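Participant: Take a look at the following structure, please.
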Amino acid sequence: MLHSFGDSKNTRPLSTHPLLTAAGLQVLHQAYGGPERRSTTSQATRWLSLMLDEVDYGMLLLADTAQVLHVNHAARAELDAGHPLQLLGRELRAREPQDVSRLHDALSGAHRGLRKLITMGGPGQRVSVAVVPLGVLGSGGTTATLLVMGKRQVCEPLSVQWFARSHGLTPAETRVLEGLCGGLDPREIADQHGVGMATVRSQIGSIRQKTAAESIRDLVRQVAVLPPMVGVLRAAA
């Protein structure tokens, strides 16, 4: 499935992009203006990397077609053996033959300033990827493209935990909230935890009171729109 978001004819050069300038300058070895500039660029790149690693969406920065410049922590965690995208050295490739042309067409379109949303993978492993052109970096003619991978689930476990803690939910209520955010209905939650329906309904009522949610749908929506949370303890990828 391939959706076009339209041409981005006025995509500004990456050299003026406020988010990616520092990283691009360092990675692609732009002109060096002295120790102060090198120190500033290095520090900005470090903070940029830390910032991107706190975003709970997989993000990859590519040069030209598929040469990978930066992969944030979430993307490194997402690109497991079951993901339709794979990294081979510093090159990004589609794992399945049917996705090769989709990825190629999307990256080629980004080279021309066209944004696309592609869906890759087979049943049970489908992943949406936004392909965003960032323009030309400096005067070298190298074009940069940002890939943002969609989430595999609506509510992230860590976001649910933080939401529960901030609203004073009990451990039992937290488990119920996790079930609701995972798409389970009250009966399924009761069966899963070996309790009666009355208990689960009472816990849902308590959760709604503590969170001021008007309904279960409103409750799940509150969690789904939370800022993405990334764990402090992360294994090095």
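Read-outs: derived from the displayed coordinates by stated rules, not from any lab. This one's a predicted model, so the numbers in the text were calculated from it and none came from an experiment. Heads up, the Cβs are rebuilt from the backbone with ideal geometry, glycines too, and the neighbour counts pull from every protein chain shown.
Participant: Could you give the length gained by full extension between Arg221 and Leu158, i.e. 0.36 nm per residue of separation minus their alpha carbon distance, to one decimal place?
Facilitator: 21.1 nm
Participant: Stretch Ser166-Glu188 to full length: gain in nm at 0.36 nm per residue minus the Cα-Cα span?
Facilitator: 5.4 nm
Participant: Ranked highest first by average number of other Cβ atoms within 10 Å, how do 56-65, 177-186 line up?
Facilitator: 56-65, 177-186
Participant: Something else: Grab the eigenvalues of the alpha-carbon gyration tensor for the stretch 157-224, scale each by 5, take roots, and send me the semi-axes largest first in whole angstrom.
Facilitator: With the √(5λ) rule applied to the stretch 157-224, the semi-axes are 17, 12, 11 Å.
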